[in-house]
Each structure stands twice: as C-alpha cells, then as structure tokens.
Amino acid sequence: MNIHDLQHAFVAYAMSIGIDKIGFTTAAPFTELKNRLRRQQELGYQSGFEESDIEKRTEPLQLLDGAESIVAIAVAYPSRMQNAPVGKKGARRGIFCRASWGIDYHTALRERLTLLSAWLKERVEGVHIESMVDTGALVDRAVAERAGIGWSGKNCAIITPEFGSYVYLGELVTNIPFEPDKPMEDECGDCRLCLDVCPTGALIEGGQLNAQRCIAFLTQTKGTLPDEFRTHIGNRLYGCDTCQTVCPKNKGKINWIHEEFKPDPELAKPLLTPLLKISNREFKDKFGHISGSWRGKKPIQRNAILALAHFKEEAAVPDLIALLEKDDRPVIRGTAAWALGRIGGKEAHSALFQAKGKESDEEVRIEIDKGLQFFQ
C-alpha cells in the first residue's frame, strides 16, 4: 500500500473509532513555539505542570529517532448538560469544567491512540510510534494548529469550525512520512471577548497566558489560595470555562456526540457541603474516573469552602467550624477560617475567636485574623 492510500485508509479508520478530526504535520522543530516558551519561562508564566525541557517540547526528533510525521487527533466533548441541577440556599452547588465531564479524557484518548498505533503496526513494517495526550512532552495545541485541526485562538485554545474549542487533543509521532495538512487561517479577527472577560487577567494578549493567574490552574493547586484570587473562584471546583463560553465561535456547539463524555449532573455540579466531609475512599469511588480528580480531594475541598464563602452560605457554618476545629490540614483549617469570616454571623465569630486562642499553626492563625477582620 502506498503512502497516499495508507493515509486515506488511516483517516477512515480513525473516524470509525470515535476520532472527530485528524490532521498530519511534519516532525520539523516548532521553532516559533520554542521562542515563545522561552519567553513564558522568563516571565514566570508557566504552570509548573508542563514538561520543563523546552527542547523536548519543540523537537519531535528528541522523542522518536527517525521521526517523519506527527498525527494530530481531536475528540469533541459537550458544552452543555441535560437536566442540570440548580443550586439554592441551603443546597449550594459547585461546578467542574466541561473538560472534566464524563470519563477522564486521558483514558479515552489513549485508548484511541493505542488502536491507531496497532492499526499502523499491522500494515507498516518497521514502524515506530510515540503517542501522547496532554501530559506528553509536545504541546498539543501547537501540533494541532500545524496539522490543520483548528487555529489557535486568543484564549490559547484550539478552535475548530465543527466543534468550537470543545475538543480534546492528542498526537502520534511516527517515522511514516505522511502528507502534511495545511494549517487553518486564524478566524478570531478583532474579537477580544475572551481577553476582556478573563476574571483574573490571565490572558495577557492574544495567545499568551499567565498560567499563574489562570483560574483553571489555580483550582488545581494544593496550597492556600492567594487572597486576590479567592473571590474570583466563584463556585468553580475544578477548571474554568469563561474564555470558552464567551467565544462567538462556540455558539451553538453542543457536541453531544460521545456517550462517555456526557456528564452525570450530580458529579458535574455536586452539592458543596457533602464535599467537606467526604473521605478519601468516597472521593475516589465517586470522582476517581473524571479528570478533575487527578490532584485528589484536597484542592476540591478547599475550592468548595471558597464557593460556600462566595454564596455566603449560612447553613454551612457548622461544617466549616468543624473543619476549623478538627481538620488536620492547615490549608483546610485556614480556608475555613477565612470563609467563616466572609459568611459572618455570631456563631462564626465566636468560633474564630476561640480558634485564635488554640491554633498553633502560624499560617492558620493569619487566616483566622483575616476572618476576624470581616467583623470589624
């Protein structure tokens, strides 16, 4: 089978196994990206979750000897849920971002990439393949952009004409010299809605993100959240979709395509108060199959406390007092103290005053003082 026929058959097979878009590019270095990543590093804009070696992120040949091509794939995920529960006073709810609805996309895309690799190995002798999703060295968005999957929007997401920016990305690096696709034209034009509405100003300019200020990143951190970001979290438990939901290119892109990504409303928008008392085992059993659980329950619980403070949910005061008095994690005690101050009331004030005399951790004491300042 010649390369042209192989590529044509490969694309057809990809579509048959639940891949919504596939594109091809060369394994040439990502030179412009390399300069951009160095600039990001110099400015301190990186999240720390990504591969630290810029050469590996931009030189496919460092990942696979003899690399000739990169195959980029995209799988669409839904932007809306059916039968979404509505939070109310006494039963407030948090929200996981859309990319964390349904099963963990890392699992779903790896399964598809494994099938693609097996298909090629059955048909091409001496084929070598390196596959990756999100946590690999290459920058998924840069690969997808060069392979013609979509253009890189000002919100730093790949935007496709068919599915908007609601797509998961993955890639295969291979020694097969596939015919490369052409990159798409940027269709953002003069629009800057995503930049204007970013809650923390994390989008510095079109296509540049300060990850240290991005709510999606901040919700995944495990420490005490810096003061300036606490009121911006809202009821977000994991991730942030603001720069996607305002994008005109996402209008009407619902993407109810793959059953595995359709959300369980009670997991995508869970009640907040039960999260404060959930055990490790219960958390793993309930949320372990979604991507938003990868950092464990601590960041989710901290964010749930901040969400209750956002709602000024008085019904949560007894549970927050219990955390302040009994939880063995300083971050949770401290966040609960701040939340109690923000919610207010005599019971909260009394608990904070008593905790100040008993607390030994200096950082928690600082948070208790912050909580008490709300009463002045």
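Couple of notes before you dig in:
- Each residue in region 317-350 was checked for being farther than 16 Å from Arg230 by Cβ and either in contact with a Pro (Cβ under 8 Å, 6 or more places away or on another chain) or crowded, with 24+ Cβ neighbours inside 10 Å (or both), and 3 of them qualify.
- The residues in region 72-100 that are assigned to a strand (DSSP E or B) and in contact (Cβ under 8 Å) with a residue 24 or more places away in the chain can be counted, and the count is 9.
- Among the residues of region 183-203, those that are in a loop (DSSP other than H, G, I, E, B), free of Cβ contacts under 8 Å to residues at least 40 places away in the same chain and charged (D, E, K, R) comprise Glu185, Asp186, Asp190, Arg192.
- Matching option when the condition is among the β-branched types (Val, Ile, Thr), more than 12 Å from Ala355 (Cα to Cα) and out of contact with any strand residue (DSSP E or B) (no Cβ under 8 Å at 6 or more places or on another chain), among Ile305, Ile321: Ile305
- Looking only at region 196-210, residues that are surrounded by 19 or more Cβ atoms within 10 Å (Cβ to Cβ) and either at pLDDT 95 or above or of a type in the set (A, V, I, L, M) (or both) come to 4 in all.
- Applying the criterion of being within 24 Å of Gly87 (Cα to Cα) and among the basic types (Lys, Arg) to the residues of region 256-296, the residue that is surrounded by the fewest Cβ atoms within 10 Å (Cβ to Cβ) is Lys277.
- Filter result for Leu372 (farther than 25 Å from Lys88 by Cβ and either among the basic types (Lys, Arg) or part of a helix (DSSP H, G or I) (or both)): yes
- Scoring Ala72 on the criteria (1) under 22 Å from Leu209 (Cβ atoms); (2) hydrophobic (A, V, I, L, M, F, W, C); (3) loosely packed, with under 15 Cβ neighbours inside 10 Å leaves a single failure, condition (3).
- Within region 254-289, tally of residues that are within 16 Å of Trp101 (Cα to Cα) and assigned to a loop (DSSP other than H, G, I, E, B): 12
- Of everything listed in (1) without any contact (Cβ under 8 Å) to a residue 60 or more places away in the chain; (2) in contact with a Ser or Thr (Cβ under 9 Å, 6 or more places away or on another chain); (3) not hydrophobic (A, V, I, L, M, F, W, C), the single unmet condition for Glu363 is (1).
- Subset of region 211-230 that is within 12 Å of the chain's Cα centre (by Cα) and not polar (S, T, N, Q) - its residue that is modelled with the lowest pLDDT: Ala211
- Inside region 131-182, residues that are more than 20 Å from Ser69 (Cβ to Cβ), in a loop (DSSP other than H, G, I, E, B) and touching a Leu at 6+ places or on another chain (Cβ under 7 Å) make up a count of 3.
- Residue that is nearest to Leu324 (Cα to Cα) [pool: residues in region 336-369 that are in a loop (DSSP other than H, G, I, E, B) and among the small types (Gly, Ala, Ser)]: Ser360
- Index of the failed condition, Ala309 passing every other in (1) within 18 Å of Lys222 (Cβ to Cβ); (2) part of a helix (DSSP H, G or I); (3) of a type outside the set (D, E, K, R); (4) in contact with a helix residue (DSSP H, G or I) (Cβ under 7 Å, 6 or more places away or on another chain): (1)
- Screening Ala137, Ala142 for residues that are in contact with a Phe, Trp or Tyr (Cβ under 6 Å, 6 or more places away or on another chain) and over 16 Å from Gly18 (Cα atoms) leaves exactly one candidate, Ala142.
- Met184 passes every criterion in (1) in contact with a Ser or Thr (Cβ under 6 Å, 6 or more places away or on another chain); (2) within 30 Å of Ile3 (Cβ to Cβ) apart from (1).
- Phe229, sole failed condition from (1) farther than 22 Å from Leu109 by Cβ; (2) part of a loop (DSSP other than H, G, I, E, B): (2)
- Enumeration of residues in region 298-316 that are under 25 Å from Ser360 (Cβ atoms) and surrounded by fewer than 20 Cβ atoms within 10 Å (Cβ to Cβ): Lys298
The values are calculated or read from the model by the stated rules, or taken from the named source; none is laboratory data. Being a predicted model, the structure only gives us computed values, none of them experimental. A quick note on method: Cβ atoms are made from the backbone with ideal geometry, for glycine too, and the neighbour counts reach across all protein chains shown.
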